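The values are calculated or read from the model by the stated rules, or taken from the named source; none is laboratory data. Owing to the predicted nature of the structure, the values given are computational and were not obtained by experimental measurement. Don't worry about glycine lacking a Cβ; one is built from the backbone with ideal geometry, like all the others, and counts go over all protein chains shown. For the accessible areas, the whole protein counts, side chains as well, though only heavy atoms, and no ligand, DNA or RNA atoms are used. Shrake-Rupley method; radii C 1.70, N 1.55, O 1.52, S 1.80 Å.
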Amino acid sequence: MMDFLYFPDDPMEYIPAAFAMLICFLVAYAAYRIIKSYSKNQEEKMKNFEEEVMRKLEQKEADESGR
């Protein structure tokens, strides 16, 4: 019967697993940075849009009060 956990006697057998884990961590970090950058860009666009809407509302109120 095969044991559930396998700890090799030769430490060289850990190298492929460590390499695969390193690649997974790098891909996850890259995805994190891409998502964070995209989110920051979307936040900036939304902030500009809100400012534009507020300017238009203020201009509309000024036009209506000047009549």
So how do Ile23, Ile35 rank on accessible area, 1.4 Å probe, biggest first, that is with the largest at the start? Ile35, Ile23
Charges at C-beta only: +1 for Lys and Arg, -1 for Asp and Glu. How large is the resulting dipole of the chain about its Cα centre, in Debye rounded to 20? 440 debye
Provide Rg and Dmax in Å for region 16-67, with only Cα atoms included in the calculation. 22.6, 77
For the chain, the percent of accessible surface on carbon and sulfur atoms (probe 1.4 angstrom, ligands and nucleic acids excluded) is 64 percent
Once both label points are put 7 Å beyond Cα along the C-beta direction, the Met46-Met12 separation in nm becomes 5.4 nm
For the charge dipole of the chain, defined by +1 on Lys and Arg C-beta atoms and -1 on Asp and Glu C-beta atoms about the Cα centroid, which residue among Leu5, Ala17, Val53 has the Cα displaced farthest towards the positive pole? Val53
Tilt, helix 14-65 to longest principal axis of the chain (alpha-carbon atoms), in degrees rounded to tens, equals 10 degrees
Return the lysines within reach of Lys36: Cα separation strictly under 23 angstrom, same-chain partners fewer than 8 residues apart disregarded; answer none if there are no such residues. Lys45, Lys47
Would you rank Val53, Val27 by solvent-accessible area, highest first, keeping every protein chain in place and using a 1.4 Å probe? Val27, Val53
Using the heavy atoms of the protein chains alone and a 1.4 angstrom probe, what is the accessible area of the chain per residue in square angstrom? 104 Å²
